[in-house]
Amino acid sequence: MLRVDFYESGIGETIVITFPGGGLGVVDAHPTTLGGRPTIQALVKDKEVHFLCLTHPHLDHGADLLAALQGNPAIKEFWHTIPNVKTFFYALEEFVNFPSPVQDIIRNQRKQVAKCFLDLFAGVASRKTAGKIITRSLDSAYPKMEFDGVEVWTLGPSQTIVQGFENAVSDKLANPTRSEPNPNPISGILALRYGESRPPDIAEHARRRSAGIC
């Protein structure tokens, strides 16, 4: 049986895919104070975790992924949609250190976001160096993957959107006064196919997105 659980935290959400063989896929994760789910450590403890997926680097989508990574030493893969990780996180470091006229509370909130994702990717990088995790940067051209007979397709973001985001990050590095690039457009969109369900029409989905239909 394929099962997908959506946990609402009041700010962000956590999506846990349980594949027919019992392994998990975790798409985004945010701590909850509403009592709607167990801790992320409890959800992944002693489980086979095929992948953690960060759809895009906003805190309400990824604040608990580092805890998930730390809660299971055998997570196999980490997925994200950031086209150039080194450039993006260099930009984050520059933003943290760059003097800003905004109020201290706003600056501190943004530092919290930067630290969260710097720590997450540093944790992934340390495991990658040790050969214990595979990282994948996803876009709509990425080939399908399969777990326990379940096909996982990446419907978005398009390569054009990914390239535009990378260009915006580079522009921000060249000119710190420019607006921060918005990660929302590079959000990962996954589709699952199991059994006799209809395969996703990637070309049609891309057409509908560009036309603003979905």
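The values are calculated or read from the model by the stated rules, or taken from the named source; none is laboratory data. Computed from a predicted structure; not experimentally measured. Cβ sites come from the backbone with ideal geometry, for glycine too, and all protein chains shown count toward neighbours. Side chains are part of the model used for accessible areas, which takes the heavy atoms of the whole protein and leaves out ligands, DNA and RNA. Shrake-Rupley method; radii C 1.70, N 1.55, O 1.52, S 1.80 Å.
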All positions within the range 95-111 that are at pLDDT 60 or above and either among the hydrophobic types (A, V, I, L, M, F, W, C) or surrounded by 12 or more Cβ atoms within 10 Å (Cβ to Cβ) (or both): Arg107, Gln109, Arg110, Lys111
Meets criteria (modelled with pLDDT of 95 or more and over 15 Å from the mean Cα position of the chain (by Cα)) for Gly21: yes
Just need a number here: residues in the range 32-62 that are under 10 Å from Thr14 (Cβ atoms) and within 15 Å of the chain's Cα centre (by Cα). 1
Out of the residues in the range 34-72 that are of a type in the set (A, V, I, L, M, F, W, C) and assigned to a strand (DSSP E or B), which is farthest from Val162 (Cα to Cα)? Val49
Checking the structure you have, find out if any residue of the range 14-36 is touching a His at 6+ places or on another chain (Cβ under 7 Å), among the hydroxyl-bearing types (Ser, Thr, Tyr) and either farther than 14 Å from Leu120 by Cα or open to solvent by 30 Å² or more (accessible area, probe 1.4 Å) (or both). yes
Identify all residues within the range 45-85 that are polar (S, T, N, Q) and open to solvent by 10 Å² or more (accessible area, probe 1.4 Å); write none if there are none. Thr55, Gln70, Asn84
